[in-house]
Amino acid sequence: MVDLVSSLVLSAFVVSVALGWVLFGLLPARAHNHRLDGHAGILLGHGLMEVAYRMFEPLLRVLVALRVTPNMVTAFSLLPALVSAVLVAMGHFGLGALLATASGFCDMVDGMLARHYNSMSDAGGLFDAAVDRYGEYFLLAGLAVYFRGSLVGLVLCLGAVLGSFMVSYGSAKAEALGIEPPKGAMRRAERAVYVISGCGVAPLWELVVPGERTFSAIAYGRELPVELALLIVALVANVSAVRRMLRVAELARAKRAAG
């Protein structure tokens, strides 16, 4: 029941963001939020991310009044991420998705705070990026533990982990070479939305197909939305990683030839 309620809460939030997107689209245009550049994707559009940012502006004012620092929010995000991993490992997909969402929004809020305080720094960015990777790993590791008895589910988890690692590595390698990281699909925020969405839909799907059911080692019961989300992330992220690396190599050759 808790998982179902958590899924309904997430669904209500998604609906509110969608309505906000329609409403804000009717209002005069505001300054473009450049921090969102390159993070949008098929499921996670720039407009929807902009709406979420605006919805958290009241919370930002409260945190500023309480003198909460960006690093405090970043460090705190590890707690719901870790608890979420434990929950999904136990099969509580709905509640795990809700806590993973809370952890993800902490990443949004710490950036808003850093810009408000004008305290953005390389050290802070490094800490934020490291915590983001741990948070993403926790959720995928929790799912891997849950699917430890399913070859298909475990392979999908490992494929998602590999794709996530390689996309991030491609961007980091480009920066190390002094090249602007190529834009592409399945950056961290989009990967999180897909996996969390799969977990969040699972309790609702269980109302249609109750219990754990399999056909030829493929689960089509409550785990199906999670497996589909992992499949999308694994496939698209790895294709995106290969394309990103090829683009980085091309830009590196061009830079060397020009220099």
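The values are calculated or read from the model by the stated rules, or taken from the named source; none is laboratory data. Every value quoted in this text rests on a predicted model; they were computed, and no experiment measured them. For neighbour counting, all protein chains shown are included, and Cβ atoms are generated from backbone atoms with ideal geometry for every residue, glycine included.
Of note:
- Subset of the stretch 172-204 [in contact with a Lys or Arg (Cβ under 8 Å, 6 or more places away or on another chain) and within 17 Å of GLY153 (Cα to Cα)]: ALA202
- The residue of the stretch 157-192 that is nearest to SER7 (Cα to Cα), among those that are modelled with pLDDT of 90 or more, surrounded by fewer than 20 Cβ atoms within 10 Å (Cβ to Cβ) and aliphatic (A, V, I, L, M), is LEU158.
- Residue within the stretch 59-80 that is in contact (Cβ under 8 Å) with a residue 12 or more places away in the chain, closer than 19 Å to ARG191 by Cβ and not polar (S, T, N, Q) present: yes
- Every condition in (1) at pLDDT below 90; (2) under 25 Å from ALA185 (Cα atoms) is met by ALA97 except one, and the failing one is (1).
- Unique match (being touching a residue at least 60 places away in the same chain (Cβ under 8 Å), more than 15 Å from the chain's Cα centre (by Cα), crowded, with 17+ Cβ neighbours inside 10 Å and under 15 Å from ALA234 (Cβ atoms)) among PHE147, PHE93: PHE147
- Among (1) charged (D, E, K, R); (2) within 30 Å of LEU207 (Cα to Cα); (3) in contact with an Asp or Glu (Cβ under 8 Å, 6 or more places away or on another chain), the one test that ASP132 misses: (2)
- Selection count, the stretch 142-154, where residues are modelled with pLDDT under 95, closer than 17 Å to TYR194 by Cβ and among the hydrophobic types (A, V, I, L, M, F, W, C): 1
- On the stretch given as the stretch 144-197, residues that are closer than 26 Å to LEU98 by Cα, assigned to a helix (DSSP H, G or I) and of a type outside the set (A, V, I, L, M) total 16.
- Test result for PHE127, touching a residue at least 40 places away in the same chain (Cβ under 8 Å), aromatic (Phe, Trp, Tyr), farther than 22 Å from VAL9 by Cβ and assigned to a helix (DSSP H, G or I): yes
- GLY135 at pLDDT 85 or above and farther than 22 Å from ARG243 by Cα: yes
- Qualifying residues in the stretch 112-135 (those that are of a type in the set (Asp, Glu) and either closer than 22 Å to ALA100 by Cβ or in contact with a Phe, Trp or Tyr (Cβ under 7 Å, 6 or more places away or on another chain) (or both)) - the one surrounded by the most Cβ atoms within 10 Å (Cβ to Cβ): ASP132
- Scanning the stretch 108-128 finds one or more residues that are over 21 Å from LEU230 (Cβ atoms) and within 12 Å of the chain's Cα centre (by Cα).
- The single residue among TYR169, TYR137, TYR194 that is of a type in the set (Phe, Trp, Tyr) and more than 14 Å from the chain's Cα centre (by Cα) turns out to be TYR169.
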